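The values are calculated or read from the model by the stated rules, or taken from the named source; none is laboratory data. Worth saying up front: this structure is predicted, and the values here are computed from it rather than measured. Glycine gets a Cβ as well: all are built from the backbone with ideal geometry, and neighbour counts include every protein chain shown. What goes into the accessible areas is simple: the full protein's heavy atoms, side chains included, and nothing from ligands, DNA or RNA. Shrake-Rupley method; radii C 1.70, N 1.55, O 1.52, S 1.80 Å.
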Amino acid sequence: MSPLHRRVPTWAELRPLVRFEPPTLRRTQAALRRAATVEDLREVARRRAPRSVFDYVDGAAESELSLARSRRAFAEVQFRPRVMRDVRHVDSRVELLGVTSPVPVVLAPTGFTRMMHTQGEWAVARAAAAAGVPYTLSTMGTVSVEDLAADVPDVQRWFQLYLWQDREASAELVRRASAAGFGTLVLTVDTAVAGQRLRDVRNGLTVPPALTARTFGDMALHPRWWVDLVTSEPIEFASLRTSGGTVAELVDRMFDPGVTHEDVAWLRAQWPGRIVVKGVQHAQDAADLIALGVDGLVVSNHGGRQLDRAVAPLDLLPEVRAAVGPDVPLLIDGGVLNGGDVVAARARGADAVMVGRAYLYGLMAGGEAGVARALEILISQVHRTMRLLGTASLADLTPEHVPRAPHTRDVLDTHPLP
């Protein structure tokens with residue numbers, strides 16, 4: 001055999017192999033362009049945001065077992081694809097409770113959103129409107145219902161409500177949301193008291209963020225975030241008359257731990273649109289609420305941020321679907337970080353999912369552009385998963401595509417990602 005002869009390649013031979021990214025001074029745009037998954041956006045967010053801010057989004061209650069179980073439930077999904085199906089075109093659109101979306105995704109309500117980026121809810125709503133995805137503004141939001149409706153009029157908007165001890169203040173907020181064109185009210189019922197979010201406790205997180213010896217040290221590591229904070233309008237809850245202190249102190253001071261089924265009838269008299277109840281974690285509660293006349297449900301453990309050791313919503317989903325029947329609009333949230341999670345939830349019986357942390361990672365990573373990148377990633381993952389499953393439309397998805405597998409071990413880790 002003759003020895004290998006070395007030679008110098010020509011530029012014509014090398015040119016097709018060169019894949020240098022164009023140099024850029026826009027580091028944020030470059031980082032977002034490189035992000036291929038929501039987990040990548042999470043890592044960018046972890047580097048860019050102060051620790052207390054990142055932990056507020058990333059963390060959960062106590063030992064964070066509820067959050068870990070929600071993620072584990074999705075990680076243990078086993079897809080069973082069908083082959084030789086025509087998937088040149090896939091239809092992932094969904095019509096639900098008066099809104100439409102290119103994928104079965106609704107952006108979940110998140111509190112104190114301008115803490116993650118000073119554009120806060122405005123950035124999220126603009127990205128949602130551009131993608132055609134509905135957005136839910138929170139009672140704990142930092143932009144008012146009137147301002148969001150005026151500034152981003154083309155976003156499909158829901159409003160999330162916590163019932164306060166001051167019922168007249170709650171009624172007034174509901175009237176304002178209705179007048180501002182919010183079509184569906186999402187009543188959250190899993191916050192009788194605040195969950196103990198130990199990361200926030202240990203970080204000393206307050207509302208608004210306080211300037212302490214610890215935060216001054218954090219300024220040195222994240223100067224851009226702090227400059228943005230102190231040169232923008234003060235961050236405060238747009239719908240609350242009082243603020244200050246920790247989030248837990250605010251929740252326990254204002255929220256009503258005495259909410260019962262009778263309050264649903266009271267709320268129905270105040271609100272002319274649809275009512276969805278979020279925080280359902282038991283099939284009988286689901287059936288009872290539908291009997292009371294609510295229009296839809298969200299199976300949710302509040303992202304693991306309230307009761308620790310709670311059941312994973314994905315595991316509970318088939319039981320709730322069986323209890324309420326096939327026609328009740330049923331959503332799920334908690335642990336959704338991938339478009340494959342969205343497809344799995346849909347195959348298990350959900351009409352759509354609510355996504356919170358996924359877009360907040362994008363918001364911390366790059367503001368509106370980061371939220372848009374998170375949505376772009378999720379939508380592309382939904383389409384790719386459907387094609388690889390051999391399903392050209394959402395109607396083709398069935399439980400046969402996600403057969404249940406026994407849990408092989410207990411969930412002991414507390415990391416939010418598998």
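Brief remarks follow.
- Thr191, sole failed condition from (1) in a loop (DSSP other than H, G, I, E, B); (2) open to solvent by 20 Å² or more (accessible area, probe 1.4 Å); (3) touching a helix residue (DSSP H, G or I) at 6+ places or on another chain (Cβ under 9 Å); (4) over 26 Å from Glu368 (Cβ atoms): (2)
- Breaking point among (1) within 12 Å of the chain's Cα centre (by Cα); (2) closer than 19 Å to Ser92 by Cα, for Leu363: (2)
- Matching residues in region 288-307 - criterion: being assigned to a helix (DSSP H, G or I) and open to solvent by less than 40 Å² (accessible area, probe 1.4 Å): Leu289, His302, Gly303, Gly304
- Single residue of region 1-20 satisfying the filter (open to solvent by 100 Å² or more (accessible area, probe 1.4 Å) and in a loop (DSSP other than H, G, I, E, B)) that is modelled with the highest pLDDT: Val8
- Residues satisfying the stated conditions in region 267-285, i.e. within 25 Å of Gly183 (Cβ to Cβ), touching a residue at least 40 places away in the same chain (Cβ under 8 Å) and out of contact with any Lys or Arg (no Cβ under 8 Å at 6 or more places or on another chain): Leu267, Trp271, Pro272, Gly273, Arg274, Val276, Val277, Lys278, Gly279, Val280
- Residue check for Gly204: at pLDDT 80 or above, out of contact with any Gly (no Cβ under 8 Å at 6 or more places or on another chain), over 22 Å from Gly366 (Cα atoms) and surrounded by fewer than 19 Cβ atoms within 10 Å (Cβ to Cβ): yes
- For region 23-41, the count of residues that are touching a Ser or Thr at 6+ places or on another chain (Cβ under 6 Å), open to solvent by less than 80 Å² (accessible area, probe 1.4 Å), modelled with pLDDT of 90 or more and not acidic (Asp, Glu) is at least one.
- In the set (1) crowded, with 24+ Cβ neighbours inside 10 Å; (2) in a loop (DSSP other than H, G, I, E, B); (3) hydrophobic (A, V, I, L, M, F, W, C), the condition left unmet by Ala310 is number (1).
- Boolean, Thr242 is out of contact with any Gly (no Cβ under 7 Å at 6 or more places or on another chain), modelled with pLDDT under 80 and open to solvent by less than 50 Å² (accessible area, probe 1.4 Å): no
- Hits in region 264-286 - residues which are outside any loop (DSSP other than H, G, I, E, B) and either open to solvent by less than 20 Å² (accessible area, probe 1.4 Å) or of a type in the set (S, T, N, Q) (or both): Val264, Leu267, Gln270, Ile275, Val276, Val277, Lys278, Gly279, Val280, Ala283, Gln284, Ala286
- Given (1) under 25 Å from Pro329 (Cα atoms); (2) surrounded by fewer than 23 Cβ atoms within 10 Å (Cβ to Cβ); (3) without any contact (Cβ under 8 Å) to a residue 60 or more places away in the chain; (4) charged (D, E, K, R), index of the condition Arg175 fails: (3)
- The criterion of at least 1 residues that are out of contact with any strand residue (DSSP E or B) (no Cβ under 6 Å at 6 or more places or on another chain), β-branched (Val, Ile, Thr) and open to solvent by 10 Å² or more (accessible area, probe 1.4 Å) is met, among strands (runs of 3 or more DSSP E) falling completely within region 47-141, by 99-101.
- Filtered residues of region 327-347 (kept if surrounded by fewer than 24 Cβ atoms within 10 Å (Cβ to Cβ), closer than 19 Å to Ala283 by Cα and not hydrophobic (A, V, I, L, M, F, W, C)): Asp327, Pro329
Quick grid of which residues meet (1) of a type in the set (A, V, I, L, M); (2) touching a Pro at 6+ places or on another chain (Cβ under 8 Å); (3) assigned to a helix (DSSP H, G or I); (4) at pLDDT 95 or above:
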{"site": "Ala372", "(1), (2), (3), (4)": "yes, no, yes, yes"}
{"site": "Leu378", "(1), (2), (3), (4)": "yes, no, yes, yes"}
{"site": "Gln381", "(1), (2), (3), (4)": "no, no, yes, yes"}
{"site": "Leu388", "(1), (2), (3), (4)": "yes, yes, yes, yes"}
{"site": "Thr391", "(1), (2), (3), (4)": "no, no, no, yes"}
{"site": "Pro403", "(1), (2), (3), (4)": "no, no, no, no"}
{"site": "His407", "(1), (2), (3), (4)": "no, no, no, no"}
{"site": "Asp413", "(1), (2), (3), (4)": "no, no, no, no"}
{"site": "Pro416", "(1), (2), (3), (4)": "no, no, no, no"}
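- Search result, residues across region 150-172 that are in contact with a strand residue (DSSP E or B) (Cβ under 8 Å, 6 or more places away or on another chain) and either part of a helix (DSSP H, G or I) or open to solvent by 30 Å² or more (accessible area, probe 1.4 Å) (or both): Gln156, Arg157, Gln165, Ser170
- Residue count, region 370-385 (criterion: farther than 18 Å from Val106 by Cα and either surrounded by fewer than 22 Cβ atoms within 10 Å (Cβ to Cβ) or hydrophobic (A, V, I, L, M, F, W, C) (or both)): 1
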